[in-house]
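Colleague: What follows is a single structure, and I will ask about it in a moment.
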Amino acid sequence: MRIINVLLLILGVVLFTGCATRPPSSMFFMESYHKKETDPFNLGVSFTANLPSIYTYDHEEKKDNNIYEYEIPVDMSVQLSFPLKSHFLWGMGVFLGDGFAYAGFAWDHFGVMAWSDFGGWFAMIPASGLSTIEQIHIGKDISLGISQHLEFNWFVSDYRTEFYKEYAGGLYLLKRRGVDKKTVGLEFRYGRIFSDRASLDGNSHLAISLSFI
């Protein structure tokens, strides 16, 4: 019953939102595999600060005085994962702006994950991407991971959808049984943006996420 309630909540939010989607958490994906023997599904919450974001660059180009130059948009995402007895995992989730689904394979020290958003109301082509993840264990309760991802994404500017690509690398550190016996992790991702718009092309994107699983 709990799973059905969560799925209905995610579906309801997705139907009324639409905005650029960020890659699902690599840390959450790998930790779901780690917990597959004890948990039939995993629920995680992440808070992400984007420094800067697509929206910062967009408003700076327009010289919008209502947007500060060092704006720090913050996203919250909820993810639900269903690890199988094999190495296959799949799941879904929602950002403040859009819903997404993902699937892939994981082992103790390596994972590969593909994802796609649900297109929102504005984008005719959904955002999508591919991540590779390497992880090492530092003792029983601490793991360190490195990730790489390529994404094709979109955002809305003046009621018009614009597309861009991002190539990025990431680093995360997680601790099991950290807060209320939950896994806690800190994840960093740094990427370069490639866009047809000159003011966006070649810019950087840094994301910092705090996650609880």
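Colleague: For the pair I138/F163, report the inter-label distance in nm, with labels modelled 7 Å from Cα in the Cβ direction.
Modeller: Taking the two extended label points, one gets 4.0 nm.
Colleague: Among the trypsin sites (Lys or Arg not before Pro) within the range 137-213, which fall in a DSSP loop and have no more than 11 other Cβ atoms within 10 Å of their own Cβ?
Modeller: Passing sites in the range 137-213 are K140, K181.
Colleague: Please give, to one decimal in nm, the separation of the simple spin-label points placed at W107 and K85, each 7 Å out from Cα toward the Cβ.
Modeller: It works out to 2.1 nm between the two label points.
Colleague: Also: Between M76 and R197, what is the label-point separation in nm under the 7 Å Cα-to-beta-carbon projection?
Modeller: Output for this residue pair reads 2.7 nm.
Colleague: List the pairs from K36/K140; K140/K165; K85/K165 whose alpha-carbon separation is above 28 Å, in the order I gave them.
Modeller: K140/K165; K85/K165, as the Cα separations exceed 28 Å there.
Colleague: Can you give the FRET efficiency to the nearest 0.05 for K182 and L51, using r as the Cβ-Cβ distance and R₀ = 45 Å? List each step's numbers first, then the result.
Modeller: Numbers: r = 26 Å, r/R0 = 0.57.
It comes out at approximately 0.95.
Readers should treat all values here as calculations from the given coordinates under stated rules, not as data from a laboratory. Quick caveat: nothing in here was measured; it's all calculated off a predicted structure. FYI the Cβ positions are ideal-geometry reconstructions off the backbone, even for glycines, and counts take in every protein chain you see.
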